[in-house]
Amino acid sequence: MAETNNDQGIPEPEGVSEVIDTEYEIGQDNIETQIGPFGLDIHNPVFLISGLSIMLFVFYALALPEQAASIFGWLRPWLTQTFDFFFLGAANIFVIFCLLLIVLPLGKVRLGGEDATPDYSYIGWFAMLFAAGMGIGLMFYGVSEPMSHFSTSLGGIVVGEDGARTDWAPLGAAAGNEAESIRLGMAATIFHWGLHPWAIYAVVALALALFSYNKGLPLTIRSAFYPILGERVWGWWGHVIDIMAVFATLFGLATSLGFGATQANAGLNELFGVPVGSGTEVILISAITAVALISVVRGLDGGVKVLSEINMGLAFLLLAFVLIVGPTLAILTGFADSLMAYVTYLPALSNPIGREDANFSQGWTGFYWAWWISWSPFVGMFIARVSRGRTVREFVICVLLIPSLVCVLWMSVFGGTAIQQYVQDGVTTVQDASLELKLFKMLAELPLASITSFVGIILVVVFFVTSSDSGSLVIDTITAGGKVDAPVPQRVFWCVFEGAVAIALLLGGGLASLQAMVISTGLPFTVILLLMCYSIWRGLVAERKQG
Amino acid sequence: MFKHIMVPVDLAHAGQLDKALSCAADLAKLYGAEVTYVAVTAATPGSVAHNPKEFAEKLDAFAAEQAKTHGISASAHAVTSHDPRVDLDPTLLKVVTDTGADLVVMGSHVPNITDYIWPSNGGTIAGHAKVTVMVVR
């Protein structure tokens, strides 16, 4: 018998769970070879096609920048305008589906089998899913988005010559009404960062965790389609799904890294007078990639988890600082008000059809939903990787409700403070500043600005690192056919490749067009996610029957 | 001289381990030592097994087969790890202490240029374990 050892041996028997009986052996399509001194263990053809098509698109964007910009620059808004009802409707379905899983008996199913125990403590788990999921966005939009919705709401409805609304205010705006504009602005922001995005991530993560830990299928996106496609999932259907996921993940990360470097550069210039230019930006991308590299080589526990926890700690300190030295009472009542406003406006904001606020519902909401969905293969798969041992109910509560609450708190503190500065003291520096500087302009109005701004810059950089390292692990796993123990040089390759793509696009132009292309992948992935809901349902029902 | 031999194995590539395995078996017979076969897996499904439980069963079967083939007394010890490729060395070192083994016999590749960056597992264990380590190349 195997010795069982509680602290590091095999967990106790996994209990009843319905392992899917398939002829497919994980790694059967893999090529294990030696290139020079490096060992490789890669999925054929996912690794090769993903890598080559990424390079093709980079060359295309560099060789024909204007054509690429016009095609993708047209495609993205066309998609969010034409399919806005589809994005909004689908996201609502994901939220309802997740909420149902919390209350239905299906929520009792445990990921990893009845007797599995959680792989990570709540803190480590939570830190990792947050750092991968949206940390960096909170840094940039925490101040700017509430401000923007507040201003447009206050501005009221503006109608152009053709009778269409030209303002970007949510719903019917709140012309001239400051208090209501704050409520509407906060509700609209929380709407974009609350339940809906996390439900999108939760669906992907749950599908992958369920089919991997309970059904014994490889940890790749295609496994979630086994109930629909059957054995065909191991053929081209599956290859296409996996390749698309790699594609969206790598370009999503690389373009964010490229833009992020530009933004961090602007921040550094503001704070320390560091020159703005592609030289500095290339150094920043290289530095972020280098730290991410150390992190992936140190592995999930020694690198990714440690950095995520450092990140969480720093972000919490900054949050607490702003809360205490900022207008504490106003922020706290603002938190409760924002939450109430969110609940009040939620039905109207999430309504997919017959919207009068096309600019807002398509340009903001539609854009965000496509964006979150195009990131979902990456974030979902990473969440799945660290969520073994949780029950479905616990999983959904922790991936859906708690991060949503944290986002409400974050937005109330950072956005609330900036709005208070404007309303109470008439400070307009935040409003006038460009996106990447808004956070720093807000901090500048508070005491100890040089310290907090420095912490802010560090947070921006480390959040990029935590996205980059977890992304490299995800791409490595998908391109190794679901194996999490592929040779280390492979994850190093993806991490470096991502940095190289970011630098190439930054120097040659093409960040914007390829980012538009990534967001366009949100459309096919929305279909994929809807099908995943069905798969999860089937999988959970089968699981309950076993138990 | 030795009472308990620990033999780390990679079940996915057991075919490449023949030399280390027969070496360990010979030593076990010579000293009348017990052999523990150790393997590390991730919790996710892999090429060897669908879950950690199945992995442990396969390792048990492997140990039983070795015991029968070589006529030695053998047991199995399976360990799960979050990131086996990276955590292998520290995990194995901990198992050396936990099992109380006084000799480790493990297979390893012939060192090449990459060993300067990523030392082989055999090399690292030999460098850090407190007991005798025999690296079979």
| query | Would a scan of segment A:25-33 turn up a residue that is free of Cβ contacts under 8 Å to residues at least 12 places away in the same chain, in contact with a Ser or Thr (Cβ under 7 Å, 6 or more places away or on another chain), open to solvent by 30 Å² or more (accessible area, probe 1.4 Å) and acidic (Asp, Glu)? | reply | yes
| query | Which residue, of A:Ile228, A:Ile283, A:Ile200, is within 30 Å of A:Cys398 (Cβ to Cβ) and open to solvent by 20 Å² or more (accessible area, probe 1.4 Å)? | reply | A:Ile228
| said: Being surrounded by 23 or more Cβ atoms within 10 Å (Cβ to Cβ) and under 11 Å from A:Leu195 (Cα atoms) is the filter here; which residues of segment A:96-112 pass it? | reply: A:Cys98
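For segment A:452-547, which fully contained helices (runs of 4 or more DSSP H) count at least 1 residues that are touching a Pro at 6+ places or on another chain (Cβ under 7 Å) and of a type in the set (Lys, Arg)?
Working: elements: A:488-508, A:511-520, A:522-546.
Correct list: A:522-546.
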| message | Would you confirm, using the coordinates I've provided, whether A:Phe272 is aromatic (Phe, Trp, Tyr) and under 19 Å from A:Cys407 (Cα atoms)? | response | no
| said: Against the conditions (1) under 21 Å from B:Thr124 (Cβ atoms); (2) more than 10 Å from chain A (Cβ to nearest Cβ); (3) open to solvent by 40 Å² or more (accessible area, probe 1.4 Å), where does B:Leu92 fall short? Just the number, please. | reply: (3)
| message | Of all residues being modelled with pLDDT under 75 and within 9 Å of chain B (Cβ to nearest Cβ) in segment A:16-38, which is nearest to A:Glu114 (Cα to Cα)? Just the residue, please. | response | A:Ser17
| task | Starting from residues that are of a type outside the set (Phe, Trp, Tyr) and open to solvent by 50 Å² or more (accessible area, probe 1.4 Å), keep the ones in segment B:28-49 and report whichever is nearest to the other protein chains (Cβ to nearest Cβ). | result | B:Glu34
| query | How many residues are open to solvent by 50 Å² or more (accessible area, probe 1.4 Å), acidic (Asp, Glu) and not in a helix (DSSP H, G or I) if we restrict to segment A:138-183? | reply | 2
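Rundown of residues vs (1) over 27 Å from A:Val143 (Cβ atoms); (2) within 14 Å of another protein chain (Cβ to nearest Cβ), yes/no style:
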position: A:Ser286; (1), (2): yes, no
position: A:Ile294; (1), (2): yes, yes
position: A:Asn311; (1), (2): no, no
position: A:Phe316; (1), (2): no, no
position: A:Ala320; (1), (2): no, no
position: A:Val325; (1), (2): no, no
position: A:Leu329; (1), (2): no, no
| Just to be sure, is B:Asp60 within 7 Å of chain A (Cβ to nearest Cβ), over 22 Å from B:Ser22 (Cβ atoms) and of a type in the set (Asp, Glu)? | no
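The values are calculated or read from the model by the stated rules, or taken from the named source; none is laboratory data. Keep in mind the model is a prediction, meaning the values are calculated, not measured. Quick reminder, even Gly has a Cβ in these numbers, built from the backbone with ideal geometry, and neighbours come from all protein chains shown. Just the protein is used for accessible areas: all its heavy atoms, side chains included, with ligands, DNA and RNA removed. Shrake-Rupley method; radii C 1.70, N 1.55, O 1.52, S 1.80 Å.
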